[in-house]
Amino acid sequence: MDFQTPLEGGKARRVGVMGGTFDPIHNGHLVTAQEALTQFGLDEIVFLPAGIPPHKEGGSVLPAEERFLMTVIATASNSAFTVSRLEIERPGPTYTIDSLIALRAILGDETSVHFITGADAVWEILTWKNYERLGEYCEFIAATRPGYSLERFMRSHMLNAEGKQHSYPAVHIMEVPALSISSSDIRQRIRESRAVRYLMPEGVVNYINKCEFYRE
């Protein structure tokens with residue numbers, strides 16, 4: 001796994017892809033996307049709401065269309081942000097490798113694709129479907145969070161069960177402002193009738209309240 005500093009912008013189009021369940025999307029997601037856009041000189045950020053997340057229990061997330069709509073509401077004010085229906089329109093469980101292959105076909109080989117994720121997701125990279133092929137289609141931008149050490153992860157997972165070195169995609173470390181916001185905490189706050197204002201864009205808060213999402 002290569003740990004690198006942000007790259008200099010080149011002539012090729014540079015697209016950031018931010019996948020996630022977005023259940024719901026919150027300001028932490030938006031800050032991370034904006035930091036990636038700026039730090040890595042990206043031309044666009046494509047938000048990719050998951051259709052059927054394979055690592056989530058069945059029925060434990062809002063329907064994909066609702067999560068897609070909240071993501072559209074949250075990103076509407078930023079012209080560099082777009083939202084893709086690629087994963088929610090694909091039948092069956094959503095796997096990153098399948099989405100990256102489809103995106104490569106859409107964007108073309110000359111486009112540089114950078115998949116943006118949290119450091120906690122990079123810890124789980126060995127559980128992803130066909131992880132050894134991810135490097136063919138993208139490089140990763142890992143947003144650091146307090147308590148996570150990607151270097152330690154690298155050292156402890158260098159070899160596979162056969163004693164051979166794993167084939168990881170490139171991972172670029174990105175520091176983001178410390179925002180202790182999570183979708184799970186927001187859902188819990190709503191269930192307990194606690195304040196969620198300023199944790200999400202106002203339009204998303206209003207939509208959740210209107211539809212009474214996450215309440216018992």
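Couple of notes before you dig in:
- Val196 vs. criteria modelled with pLDDT of 80 or more and among the hydrophobic types (A, V, I, L, M, F, W, C): yes
- Sole exception among (1) in contact (Cβ under 8 Å) with a residue 60 or more places away in the chain; (2) in contact with a helix residue (DSSP H, G or I) (Cβ under 6 Å, 6 or more places away or on another chain) for Gly51, by number: (1)
- Hits in segment 109-124 (condition: among the hydroxyl-bearing types (Ser, Thr, Tyr) and in contact with a Gly (Cβ under 9 Å, 6 or more places away or on another chain)): Ser112, Thr117
- The residues of segment 188-216 that are of a type in the set (Val, Ile, Thr) and outside any loop (DSSP other than H, G, I, E, B), listed by number, are Ile190, Val204, Val205, Ile208.
- Looking across segment 81-106, the residues that are part of a helix (DSSP H, G or I) and either touching an Asp or Glu at 6+ places or on another chain (Cβ under 7 Å) or buried (at least 16 other Cβ atoms within 10 Å of the Cβ) (or both) come down to Thr96, Ile97, Asp98, Ser99, Leu100, Leu103.
The rows are residues; the columns are (1) under 24 Å from Pro201 (Cβ atoms); (2) out of contact with any Lys or Arg (no Cβ under 8 Å at 6 or more places or on another chain); (3) among the small types (Gly, Ala, Ser).
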| residue | (1), (2), (3) |
| --- | --- |
| Thr38 | yes, yes, no |
| Leu42 | yes, no, no |
| Pro63 | yes, yes, no |
| Gly92 | no, yes, yes |
| Leu100 | no, yes, no |
| Thr117 | yes, yes, no |
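- For segment 108-134, the tally of residues that are at pLDDT 80 or above, of a type outside the set (Phe, Trp, Tyr) and crowded, with 17+ Cβ neighbours inside 10 Å stands at 7.
- Number of positions in segment 39-53 that are of a type outside the set (A, V, I, L, M) and part of a loop (DSSP other than H, G, I, E, B): 5
- Scanning segment 6-32 for residues that are at pLDDT 95 or above and of a type in the set (Lys, Arg) yields a count of 1.
- Sole exception among (1) under 21 Å from His26 (Cα atoms); (2) at pLDDT below 95; (3) of a type outside the set (D, E, K, R) for Ile186, by number: (2)
- Contacts under 7 angstrom Cβ, first residue in segment 171-200 being surrounded by 11 or more Cβ atoms within 10 Å (Cβ to Cβ), partner among the acidic types (Asp, Glu) and in a strand (DSSP E or B), 6 or more apart: His172/Glu139
The values are calculated or read from the model by the stated rules, or taken from the named source; none is laboratory data. In this text the structure is predicted, and so the values were computed from the model without any measurement. All Cβ positions, even for glycine, are placed from backbone atoms using ideal geometry, and neighbour counts span all protein chains on display.
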